1. Points 7 angstrom from Cα along the Cβ direction at W60 and M101: gap in nanometres?
2. Extending each Cα 7 Å along its Cβ direction at M90 and L133, get the distance between those two points in nm, one decimal.
3. For Q170 and T83, calculate 0.36 nm times their separation in residues minus their Cα-Cα distance, and state this gained length in nm to one decimal.
4. Tell me, what ³J(HN,Hα) does each residue in region 103-119 have, in order and in whole Hz, if you take phi through Karplus 6.51 cos²θ - 1.76 cosθ + 1.60 with θ = phi - 60° and put x for Gly and Pro?
5. Roughly how many nanometres apart are two label points built 7 Å out from the Cα toward the Cβ at I126 and F152?
Amino acid sequence: MTEPVPLLAHQQPVDDFPRHQRRKNPRFGWGVYEPDESRTTASNRLASNGLTLMAFTVAWLRGETPDAHPSIAFLIRAWTMPTVLDWVIMSGLGLVWAGAMYFIACAYSAAEASVVAPFEYVSLPINIMWGFLLWPEVPTWLTVTGAALTVFSGLYVLYRERRERVIIEQMAGGKSAPV
């Protein structure tokens with residue numbers, strides 16, 4: 001008689017599930033049930049979409065609510081067709097964003113992720129600047145501390161990767177200046 005195969009972390013004994021959920025596992029036979037991720041994801045999407053549809057239906061039936069919080073009133077207000085200027089702004093933003101994503105994908109395909117990722121952190125101070133210039137929003141000390149921690153950790157990773165590369169090149173016999 002063969003010994004039973006130990007269960008992996010995401011597997012459960014078949015006795016824990018009703019008969020209609022049991023199925024044969026190609027690796028382990030009938031004794032193990034592996035949850036089907038696609039069913040769970042589809043169920044979650046269906047529930048989320050259903051709740052969203054119900055919320056918007058209730059908001060539509062209720063009509064405008066002048067006493068609602070501004071962020072909620074913005075979401076449930078009556079639809080208005082965007083103007084030509086709105087379409088130009090949305091199209092321009094879409095093109096700029098698509099171009100940025102293209103160049104980020106090119107950067108990730110040309111170099112290792114650990115080298116490219118720290119350069120994405122440049123967006124943190126730029127976003128803080130735009131927040132201050134467009135809306136006089138002064139970041140809290142927690143925001144500044146978190147941004148600094150993120151930027152400096154990315155710069156450290158960049159420094160470490162570069163130092164390791166120099167050490168590997170020196171061990172291989174290549175000439176490289178120390179960092």
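1. 2.7
2. Reported label-point gap for M90 and L133 is 2.6 nm.
3. Numbers: separation 87, 0.36 × 87 = 31.32 nm, distance 6.18 nm.
Extra length from Q170 to T83 when fully extended: 25.1 nm.
4. My calculation for region 103-119 gives 5, 5, 5, 4, 5, 5, 7, 8, 9, 5, 4, 5, 8, 7, 4, x, 6 Hz in order.
5. 2.4
No value in this document is a laboratory result; all are computed from the given coordinates. Owing to the predicted nature of the structure, the values given are computational and were not obtained by experimental measurement. Every residue, glycine as well, gets a Cβ built from its backbone with ideal geometry; the counts of neighbours run over all protein chains shown.
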